[in-house]
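One structure below.
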Amino acid sequence: MQPLNIDRLYSGGLIANYYCSASCKHCLYGSSPSWPKEYMTANTAAQLCRTMKTLGCHSVHIGGGEPLLNWQGLRAVLDVLQQEDVTVEYVETNASWYRTEAQARTVLSQLKQLGVSTLLISISPFHNECVPLDKVTKLIRACQAEKVLVFPWQEQFFDELAAKPTDEVHTLKEWEAEYGRGYTQKLRHRFGLTMRGRALLFYESMLPHKPIDELLRESHGCTELAQNGHFHMDLFGHYQPGSCSGLAVAVSDLGFPLDPKQYPIITALYGQGVRGLFEIAIKLGFRAQATYATKCHLCMDLRRYLVQEADLDSIELEPREYYEQVYVGLRS
Ligand code: SF4
């Protein structure tokens, strides 16, 4: 197989920060309040914009983490996007920053001046563990007053979440008690979750497992890594291949075939799948569990081992904090 070559980009997002007011159990990026408080700089935003445009993409959304936790940081990124003539499709938010109508309307009016016409507002039982529905409802009202469009993600959960006091947060266990056994399990299909990151770690015990030998036998190249229809780039200048959070390609290496010497892990995964990564990790002392839910579950355990136990210094297993933070909030 040819080396992975990301030479065209379609639609994507900038991860402005990984820290968040929430630590949702479905979070692909393992965001949480305990991430370091680092935010995308104007210089990085400019570098990402230039690379994206070279590869054919002229519009992005902005997400995190919770991007609105650092207003000055977000302003600086939006300023750069305007200067670089990159359109902002929407900014994602969980509404946790809402305090009063006047405060929210001030923020929204400034966002509009900075080229933001739409907010994606998270609505789900996962978010409701950390953000009361009242903040979401009030932010939607403030958007309507300021003529900022709302992209409700996802509207189907709104009435469901209104069944309990809306000024409080509620756990998934409470919703399971309210709506019946199996509610949490069904959520992953209803939400359309990508089963990687914290979502995978949360759900793996509810999924059927396969013996590791079977997973290795079935292994074939992960073509997911070449998907570029919905990409993400982060504040550290990483391009995240596929939706495989915790894997990274330096943005400066996009547009060319990846050098296997520089990218042995991604090359192995792209060429041979999880078996290729297993062979690398075994040489460094990895001991597998007997079973795993999916190939991505095995991949996550292999990468966690390489970062946390083998202490492998790799430009591909980034950000390193991910391998700690992705476990936050799973037991509550
Ligand atoms: S096995 Fe790893 S590289 Fe392959 S799709 Fe899953 S997370 Fe991505």
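Computed from the coordinates by the stated procedures, all read-outs in this text should not be read as laboratory data. This structure is a prediction, so every number in the text was calculated from the model and none was measured. Note that we place each Cβ from the backbone using ideal geometry, even for glycine, and neighbour counts take in every protein chain shown.
List of remarks:
- Here the contact order of segment 218-332, divided by its residue count and restricted to Cα pairs under 8 Å and six or more residues apart, works out to 27 percent.
- Each Lys and Arg Cβ is given +1 and each Asp and Glu Cβ -1; about its Cα centre, the chain then shows a dipole of about 280 debye.
- Rounded FRET efficiency, nearest 0.05, which uses the C-beta distance separating Thr223 from Ala145 and R0 of 45 Å: 0.45
- Of the complete DSSP H runs in the chain, none spans 27 angstrom or more by Cα along the long axis with a mean Kyte-Doolittle score not below 0.5.
- Under 14 Å, Cβ to Cβ, from Ala226 - net charge with Lys/Arg +1 and Asp/Glu -1: -1
- Local electrostatic count at Gln262 - Lys and Arg +1, Asp and Glu -1, tallied over other residues with Cβ under 11 Å: -2
- Structure note, pairs Lys112/Lys164; Lys25/Lys135; Lys138/Lys164; Lys37/Lys261; Lys138/Lys173: Cα-Cα distances above 27 angstrom occur for Lys112/Lys164; Lys37/Lys261.
- Exposure proxy ranking for Lys186, Lys25, Lys53, based on other Cβ atoms within 10 angstrom of each Cβ and starting from the fewest, stands as Lys186, Lys53, Lys25.
- Length gained when the stretch Arg190-Thr106 is fully extended (0.36 nm per residue, less Cα-Cα span): 26.8 nm
- The loop-placed trypsin sites (Lys or Arg not before Pro) in segment 60-149, going by DSSP, that have at most 11 neighbouring Cβ atoms within 10 Å of their Cβ come out as Arg99, Lys147.
- For the chain, adding -39500 (n - 2.57) for each run of n ≥ 4 DSSP H residues and dividing by the number of residues yields -10500 deg cm²/dmol at 222 nm.
- Segment Asp311-Arg75, extension gain: residue separation times 0.36 nm, minus the distance between their alpha carbons: 81.3 nm
- Subtracting the Cα-Cα distance of Arg50 and Asp213 from 0.36 nm times their residue separation leaves 54.3 nm of extension gain.
- Separation of segment 1-64 from segment 110-183 is 23 Å, based on Cα centroids.
- A cut-off under 11 angstrom between Cβ atoms defines the neighbours of Gly13, and their net charge, with Lys, Arg +1 and Asp, Glu -1, is -3.
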